[in-house]
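FYI, it's all coordinate maths here, none of it is from the lab. No experiment lies behind these values; they were computed from the predicted model shown. Cβ placement follows ideal geometry from the backbone for every residue including glycine, while neighbour counts extend to all protein chains displayed.
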There are 2 protein chains.
Amino acid sequence: MNKLPSILVSATFLCSVSFAKATDYFVGNVNALGEVAKSVKAGDTITFASGDWKDVEIKLPDLPGTAEEPITVRALAPGETIITGASNFRFSGQYVVVKDFVFRDLTEVKDAVQFRSDSKTLAEHCRMTECVFDQPTLYKPKGLSTHWLAIYGAHNRVDHCYLGGKSNLGTTLVVRVNEGAGHHRIDHNHFGPRPELGENGGETIRVGTSDVSESDSFTIVEENYFESCDGEVEIISNKSCENIYRRNVFDRCAGSLTLRHGHRCLVEKNLFLGHGKPNTGGVRVIGKDHVVRNNYFEGLRGTSSRATLSLYCGIKDSPLNGYAPVQNARILHNTVIDCDSSLEIGAGEKPGRRIYPKDCLIGGNLFSTTNREIMRTGPSLATIRFVDNASASRNPPHTKDKPIQCRQVTVNWMRDSNGMMRPGISEDFRASARSHISDDIDGDTRPTFAAIGCDEPGASGAAFPTKDTVGPQWK
Amino acid sequence: MNKLPSILVSATFLCSVSFAKATDYFVGNVNALGEVAKSVKAGDTITFASGDWKDVEIKLPDLPGTAEEPITVRALAPGETIITGASNFRFSGQYVVVKDFVFRDLTEVKDAVQFRSDSKTLAEHCRMTECVFDQPTLYKPKGLSTHWLAIYGAHNRVDHCYLGGKSNLGTTLVVRVNEGAGHHRIDHNHFGPRPELGENGGETIRVGTSDVSESDSFTIVEENYFESCDGEVEIISNKSCENIYRRNVFDRCAGSLTLRHGHRCLVEKNLFLGHGKPNTGGVRVIGKDHVVRNNYFEGLRGTSSRATLSLYCGIKDSPLNGYAPVQNARILHNTVIDCDSSLEIGAGEKPGRRIYPKDCLIGGNLFSTTNREIMRTGPSLATIRFVDNASASRNPPHTKDKPIQCRQVTVNWMRDSNGMMRPGISEDFRASARSHISDDIDGDTRPTFAAIGCDEPGASGAAFPTKDTVGPQWK
C-alpha cells in the first residue's frame, strides 16, 4: 500500500494533492489492493497506474463512501489504465465512483466487471462513468459465454461509457435483479457496433432473467446511443418489471427492444432509425401492462418478432421462461414512417403459442408507408381497441380479416436536426377528447386534444443523443 | 315558423342580422320547433324568446351542423330564457351549440335535457355551454328520480355551465355509455352545492352504468369546480373504462371521486380541499389498472369508502354491479396533508367482500399528518409494492401488521395562491432513479429523479379553476 508515493508525484503533480483529510491512494499493482480497500474512507480516491493490467483480479469490497463524500476509483490518466485479458474487476460498498478505465479484449472471465465483490456483498449508490469497454479484434471462442459488465445491488448508475465490439457469446451489459433492489440508471452511454452472433446470447443489454422476471427492477435506460447493435433479435432484453426505456436512439440496429419477460414497463420517446437496413426492428411486446408511447420509428425493415410494433403471441399457462400473453398493452401516439411491418398483432404464432394479445389499446398512432400494408394480425382482434389512429399511406390500412378504424390523412414531412420527420404545422391532426399522455417525444405539454403521432407541433425540447454527446468525454 | 320576425327586431337589432346565407330562426313557442328543425342548415341559428318556458317539450332532431359551420341554439339574451317545470329539452345531430339557457326548478321529467332526440337519434360533436341548471327552492318528492342532464352519443362537450342545488333523487349529470361512442368532455363547469340526499342516487356526475361498465367511454372531466357536492358518498361515480378526471377542484365535498366500476381510468392533478368538513373524501378505487397520480389532498375527514386514498375490497367472481377486485392500481406522487385516513388498502371489508387489492404500486407519495396514522390495511399486503414514499408526520407510518417503507422527512409548508401547500425549495425530496410520471400537478416536466409528492419545485403552470373562472361568463 502506498500513500502519495513518489511514483505518483513524478507522474503528475496535479493528481497527487491530498485535500483536507481525504487521501489519494495510488495503486501500482494488484497486491496493494487489499490494504487500500481496508483503509479507504469516505471522500478518498484510489488511483490506478497507467498501463496494461493483464490477467488481473481487482477486488475492492465494502468501500464506505457517502452521498456527500463519495469514494473515487479512477485511472491516473483517462483511458491510459487498460484492464485486459482474463481479468475481472469487482467492487462493492456505498457511493463509489469508478471512472476513466478502459476494459479491452476481455477474455475467459464470465462477468468481467461487477457491481459486487462477492455473491453477498453488493454495490449501492455506486457509479461507473467515463469508461470504455471494447474489443478491437474479433474474439469468438466456441462456447465461451461472457458478460462485460454486470450491475448488482441497488441505485447504481452506468453513464457516459462506451461499450462496443463484443463478438463472443453473452450479453454485453446485464442487470441482475433481486426483489427489493434495482433502481439503476443506464444513461448517456454509447453502445457501439456488435456483430451478428448467429445464436441467442448476443443482446447488448439484458435487465433480469426469466426466473426473477416477475420482480420489479425499476431500472431506467435513457439517453443512450445504440449503433449497429446487431448481435441478435433482442438489442435490449427486458426480463423484469417496472423498467423505463426512454429517449434512446437506435441507429441501424438489426434487432428490437424486446420486452421479453416481465410486466408494466414503459418504452417512450425513443428514436428507431433503420435507414432501410435489413432486420432492423422496433419494440416487441410480451407480457402484461406495458406502455409504448411517443416513439418515432423510421425505415425499419424487420417483420414478425422484428416488426416495428410487434405484439407477440403467448403461451397458455406459460412457464416463466416461455411467452406470457400480451394483455393491456397501451400503444399510444407513436409515429411510424416507411417501415416494412408497422404493426403486427399476434406475431410469432405457432403451435402451442397461440394466445393472442388481449385488452390492448392502440391509440393516437400515425402511420405512413408508401406501398406496404400497415398491419398484420392474427385472427382475434375482438378485445383490441383502435382509437384515433391515422394513416398517411396511399393504401388505406387493412387486415386480411377486417378493416380497422384509421383516419386517412395527407402529410408533407419535413426532416429536423434530430433526424426526425415532423408533419408541417398546417397538418395538425388531433385525437378526440382523450389525451392519452401528458407530453410528447420532446417533452412538450399535450393539450386536451393531443396531436396524433409522437410530436406536438411547435416548440421542441432537448436534442436527442448523438455519438458526440454520449460516451466518455475524453475519448 | 318565423324568419327574422318583428318581435326579434323589436327586441334587439344586434341579434337579428342574417349573415350571408345563414338564417337566424326566432322561436317564440314550441309549436314552431318542428318546422324550424326541418329547415335549419349548417351555420344557422335558432334563437329562443326570453321568458319562462314552463312544462314544455322542446325537441330539435338531426340538426345538420358541420365543424366549419355549427348550428347555434341559444337564448335571445343569456340567462333570460328559463326552461322550468315538467319540461324537457332534447336535441340531436352534428355540431350543434346550445347556449345561454337557464333550466330551473325542473320537475317530474326523468332526463330533462338530453343529447339525443329519441333512443336512436343521438348527438355527435355537440356542445352545451354557458347554461345554468339550478333549483333555488328545496324539491324532494318521495321516490321521484330525475337527471337534469344526460349526455348521449359521441364527441360531445358540456362546458362553462353552472349546475347546483339539485335536492331530489337522481344524479345531476349522467353520461350514457355505448360501445364505440363516448369521447365526451366535461370542463370548466361549476357544480354548485348539492345537499345530502340520505340515500344512493345523489351523485353529481355519473359516467356509465354497471351493465356497460366494461366498455370504454373515453370521457374527460377536467377543470371543473365542485363546491359542497354532498349528495352522497360518490361525488363522481365512474362506471366505465378509459376516463380521465383531471385538474378539478373539489371544495368541501362530503364524498369521493369513486371509480365504482370500470377499469383503466386516470385521476390526476386534482385538488381535494376538505377544510376539515366531516365526510370529505378523496379517491376510491375499485377495479383494474386505474392510475391516481399527482393529486393534492388536504384537510379531508372521511374514512373507509371516503378515505383519502381508498383501495376497496372486492368480491370473488363479482357480478357487474358488485365490487371488482382492485388490481394493478398505480398510486403515484400524490400529496396528502392533514387527512384523517390518508391511505386505506382493503377498505370496505365485510363477509363476501374480502378480495384484497393485488399487484398495486404505491410510489412517490408524500404524506403529512400531525397525529393520525397514515395507513390502515387489511391483512394482505404481499403484492402491494411501496416505493419512494415519504412521511412528514411526527408519527412514523405504520400498520397494525407490518411496517411500510417510508422515508421520514421534515417539511415547512408554504401555501400558494391556488390554496395548495408546497414544500419550501430547500425541502426537495427526490424519488430514486424511477420517474413514474412525465410531469407534475402544474404540468412542469419531471426530471429523472422526480420530487416526491405532486409538486416539482420551481416554476408552476396554469392556475387551478376557481368559482370565478368556471361556469357561464354572463352569470
Here the whole-number average of other chain Cβ atoms within 10 Å per Cβ of A:438-450 is 3
How crowded by other chains is A:282-291, given as the mean number of beta carbons from other chains within 10 Å of each beta carbon? 1
Which whole-number percent gives the relative contact order of chain B, counting Cα pairs below 8 Å spaced six or more residues apart? 8
I need A:Tyr152, A:Tyr323 ordered by Cβ neighbour count within 10 Å, fewest first. A:Tyr323, A:Tyr152
Find every distance from the label point of A:Arg415 to the corresponding label point in the other copies (7 Å from Cα along Cα→Cβ) and write them in nm, one decimal, shortest first. 5.8
Least to most buried among B:Lys467, A:Lys120, A:Lys288, by other C-beta atoms within 10 Å and fewest first, runs A:Lys120, B:Lys467, A:Lys288
Among beta bridges assigned by DSSP with both residues in the protein assembly as shown, the antiparallel ones amount in percent, to the nearest 5, to 10
Amide H neighbours of B:Ile384 under 5 Å, at least 5 residues apart or on other chains, H built in the peptide plane: list them. B:Asp359, B:Cys360
Given segment B:80-408, what percent of its DSSP beta bridges are antiparallel, to the nearest 5? 5
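Please state the relative contact order of segment A:210-258 as a whole percent: Cα pairs under 8 Å, 6+ residues apart? Please list the in-between numbers first.
Numbers: 97 pairs, mean separation 23.8, N = 49.
Reported as a whole number, the value is 48 percent.
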So how far, in whole Å, is the C-alpha centre of segment B:72-86 from the one of segment B:179-193? 21
Consider a paramagnetic label point 7 Å from the Cα of B:Thr107 along Cα→Cβ; state which residues of segment B:132-162 have an amide N under 11 Å from it. B:139-141
If you find the alpha carbon centre of segment B:102-173 and of segment B:265-324, how far apart are they in angstrom? 26
Per-residue average of other protein chain Cβ atoms inside 10 Å, peptide A:150-156 -> 1
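Taking 0.36 nm per intervening residue step and subtracting the Cα-Cα distance, what contour gain separates A:Lys120 from A:Lys41 on full extension?
26.3 nm
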Order by neighbour count: A:Thr335, A:Thr308, fewest other Cβ atoms within 10 Å first, most last. A:Thr335, A:Thr308
Over the Cα atoms of segment B:80-408, what is the Rg over Rh ratio if Rh follows Kirkwood? 0.99
Which peptide among B:409-419, A:445-455, A:67-77 comes first, and what is the full order, when sorted by highest mean count of other Cβ atoms within 10 Å? A:445-455, A:67-77, B:409-419
Descending packing, highest mean Cβ count within 10 Å first, for A:239-247, A:102-110, A:139-147 is A:239-247, A:102-110, A:139-147
Ratio of Rg to Rh over segment A:208-320 (Cα coordinates, Kirkwood Rh, two decimals): 0.95
Could you work out how far apart the two model spin labels at A:Asp428 and A:Asp416 are, taking each label as a point 7 Å from the Cα in the direction of the beta carbon, and quote it in nm? 1.5
Consider a paramagnetic label point 7 Å from the Cα of B:Thr383 along Cα→Cβ; state which residues of segment B:335-365 have an amide N under 13 Å from it. B:355-361
3J(HN,Hα) from dihedral phi, segment A:261-271, Karplus parametrisation 6.51/-1.76/1.60, rounded to Hz, x for glycine, proline: 9, x, 9, 6, 9, 10, 10, 9, 6, 9, 9
The ³J(HN,Hα) series, computed from each phi in segment B:412-422 with the Karplus coefficients 6.51, -1.76 and 1.60 at θ = phi - 60°, rounded to the nearest Hz and given as x for glycine or proline, is 9, 6, 10, 8, 9, 6, 7, x, 8, 8, 10
